[in-house]
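> This is the structure, below, for whatever I ask next.
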Amino acid sequence: MPRPIQATIHIESLRHNLARMRASAPDARVWAIVKANAYGHGIERVFEGLRAADGFALLDLQEAERVRALGWRGPILLLEGVFEARDLELCSRLSLWHTVHCQEQIDMLALHKTHAPHRVYLKMNSGMNRLGFAPHRFRAAWARLAALPQVDEVTLMTHFADADTEGGIARQLAVFDEATHDLPGERSLANSAAVLRYGHDTAVRADWIRPGIAVYGSAPDHPAHDSAHWDLQPAMTLSSRIIGVQQLAAGDTVGYGSTFTAQGPMRAGIVACGYADGYPRHCATGTPVLVDGQRTRTLGRVSMDMIAIDLSPVAGAGMGSEVTLWGRAATGAVLGIDEVAQAAGTVGYELMCAVTTRVPVQAQAQDEPTV
Ligand SMILES: *Cc1c(COP(=O)(O)O)cnc(C)c1O
């Protein structure tokens, strides 16, 4: 028998979450963001669940090739655009839409020979100061692009820094509107948090929304809201089994550094999952975990291949019991990835992207019947 750890990708949940995002912005088209190998879920595995999207957005040219290889003929957007001039040849060949965020990318495009003009997303730096043209240079960039025979339609784009927090989007939205109000073309502004929190505003949902994390079932603004609040379902379950049980007495300690000490008699289950599987080592005693669908906690430090958990609340659990590190248990009980991320001082995004290659991944077309 292989080591019992397993990641499961829930196709129905992806479908549900995508429909949920579409319902939040009914008049907008939807880019399903599948960068970073679909946030660690695997582009090929999520494709079936996300094919109702209007397009797929990503960063790596190889990932764009993989989406085309799946038979997708619709739009594909490169969110960082091209990295060197010859990337434009692939854009032409695969008819990729691409972001233009700097003068150098316009220079490359001006020298590019193509039969069919390209669809371009012109990116404004409206305050995040990562990629994009400053607001006062945006119009000149637009005019230069619009005059190029290599360019078809130009969509106006920006990205919010604080859509998921108290900071909000008002300042960036005002900067974007001020600099673009009389420019023609479609607009795209909203990531998951902006769609969920501000999608009631037509100026925010605009023509194309760009949800990523919500499609995978994590709440972008956790802990202010959890995934259940936003009606999102986990797209990934990380599960394993108990491979050892220890009977502890008062004073016994668990794991490296002996950071947990039993206060009285208790049972500890040893789970086949560690940081070499992508479970965060920063999770201290008390991180939530499900055993046979019931909630309990981790004990002591996470080691490379194992974690100890408290079996006190689950008397029936023992060797071979199902453990859900995050996602959905066989009982249907859910442990949100965001809760585990919070215990590790990080976000759901990082955990989903960090599951390592030694973990076998299986796509599940139908949800298991709940018991
Ligand atoms: C990753 C990304 C998104 C998606 O963000 P989420 O927070 O995952 O919804 C949207 N737009 C751009 C430009 C991105 O890079």
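The values are calculated or read from the model by the stated rules, or taken from the named source; none is laboratory data. What you see is a predicted model, and the numbers here were worked out from it, not measured in a lab. For neighbour counting, all protein chains shown are included, and Cβ atoms are generated from backbone atoms with ideal geometry for every residue, glycine included. Ligands, DNA and RNA are stripped out before the accessible areas are found, and what is left, the full protein with its side chains, is counted by its heavy atoms. Shrake-Rupley method; radii C 1.70, N 1.55, O 1.52, S 1.80 Å.
> State the Cα centre-to-centre distance between the stretch 192-213 and the stretch 224-273 in whole Å.
Each part reduced to its Cα centre gives a spacing of 37 Å.
> Going by average Cβ density within 10 Å per residue, which order do the peptides 328-341, 345-358 take, highest to lowest?
328-341, 345-358
> Here's something else I'd like to know. Per residue, what volume in Å³ does the convex hull of the Cα atoms of the chain enclose?
Dividing the Cα hull volume of the chain by its residues yields 144 Å³.
> Right, something else. Return one whole number: the accessible area per residue of the chain in Å², for a 1.4 Å probe.
Per-residue value: 43 Å².
> Given H placed on each backbone N at 1.01 Å, which residues far from Tyr121 in sequence or on other chains put an amide H within less than 5 Å of it?
His98, Thr99, Val100, Thr155
> At what distance in nm do the modelled label points of Ala333 and Ala249 sit from each other, each positioned 7 Å from its Cα along Cα→Cβ?
Distance between label points: 3.1 nm.
> Give the peptides 243-254, 60-71, 207-218, 152-163 in descending order of average Cβ contacts within 10 Å, highest first.
207-218, 152-163, 60-71, 243-254
> Moving on. Show that you can apply the helix-only estimate: for the chain, add -39,500 (n - 2.57) for every DSSP H stretch of four or more residues, divide by all residues, and state [θ] at 222 nm to the nearest 500.
Helix contribution divided over all residues of the chain: -7500 deg cm²/dmol.
> Something else now. Whose amide H sits under 5 Å from the amide H of Arg267, counting only residues 5 or more places off or on another chain, with H placed in the peptide plane?
Counting only residues 5 or more places away or on other chains, the set is Leu248, Leu311, Ser312.
> Continuing with the same structure: When Rg is the radius of gyration of the Cα atoms in the stretch 236-364 and Rh is its Kirkwood radius, what does Rg/Rh come to?
Ratio of gyration radius to Kirkwood radius: 0.94.
> Going by a ≥ b ≥ c, the root eigenvalues of the Cα gyration tensor, does the stretch 266-319 fall in the rounded group (a/c under 1.5), the prolate group (a/b larger than b/c) or the oblate group?
Since a/c reaches 1.5 and a/b is larger than b/c, the shape of the stretch 266-319 is classed as prolate.
> Assuming R0 = 51 Å, what is the FRET efficiency of Gln263 and Asp231, from their Cβ-Cβ distance, to the nearest 0.05?
Computed FRET efficiency for Gln263 and Asp231: 0.80.
> Nearest 5 percent is fine: what portion of the DSSP beta bridges confined to the chain is antiparallel?
Around 55 percent of the beta bridges assigned by DSSP in the chain are antiparallel ones.
> Assuming R0 = 22 Å, can you tell me the calculated FRET efficiency for the pair Ala140 and Asp54, based on Cβ-Cβ distance, to the nearest 0.05?
0.15
> Can I ask one more? State the dimensionless ratio Rg/Rh of the stretch 151-244 (Rg: radius of gyration of Cα atoms; Rh: Kirkwood radius).
1.13
> What do you get for the angle between helix 170-180 and the principal long axis of the chain? Use alpha-carbon atoms, 0 to 90 degrees, nearest ten.
20
> Still on this structure: Using the Cα centre as the reference, give the magnitude of the dipole from point charges on the C-beta atoms of the stretch 11-216 (Lys, Arg: +1; Asp, Glu: -1; all else neutral), rounded to the nearest 20 debye.
Using Cβ point charges on Lys, Arg, Asp and Glu, the stretch 11-216 gives about 260 debye.
> Of the accessible area of the chain, with the probe set at 1.4 angstrom, what percent is carbon plus sulfur?
Result for the chain: 52 percent of the exposed heavy-atom area is carbon or sulfur.
> Determine ³J(HN,Hα), in whole Hz, for all residues of the stretch 24-39 in sequence, where each value follows from phi through the Karplus function 6.51 cos²θ - 1.76 cosθ + 1.60 and θ = phi - 60°; x replaces Gly and Pro.
6, 9, x, 9, 9, 8, 10, 7, 7, 7, 10, 5, 6, 6, 6, 6
> Computed over the Cα atoms of the stretch 11-216, what is the ratio Rg over Rh, Rh following Kirkwood?
0.95
> With the dipole of the chain worked out from charges on the C-beta (+1 for Lys and Arg, -1 for Asp and Glu) around the Cα centre, which of Ser303, Pro220, Gly293 lies farthest toward the positive end?
Result: Ser303.
> Rank His118, His41, His225 by mean-square fluctuation in a GNM of the chain with C-alpha springs under 10 angstrom and give only the top-ranked residue.
Between His118, His41, His225, it is His225 that shows the largest mean-square fluctuation.
> Oh, and also: Using θ = phi - 60° and the Karplus curve 6.51 cos²θ - 1.76 cosθ + 1.60, what whole-Hz ³J(HN,Hα) does each residue of the stretch 228-244 get, with Gly and Pro shown as x?
5, 4, 8, 6, 10, 10, x, 8, 10, 10, 10, 10, 7, 9, 7, 10, x
> Once you've got the GNM for the chain with C-alpha springs shorter than 10 Å, pick whichever of Leu109, Leu148, Leu173 has the biggest mean-square fluctuation.
Comparing Leu109, Leu148, Leu173 in the GNM, the peak value goes to Leu148.
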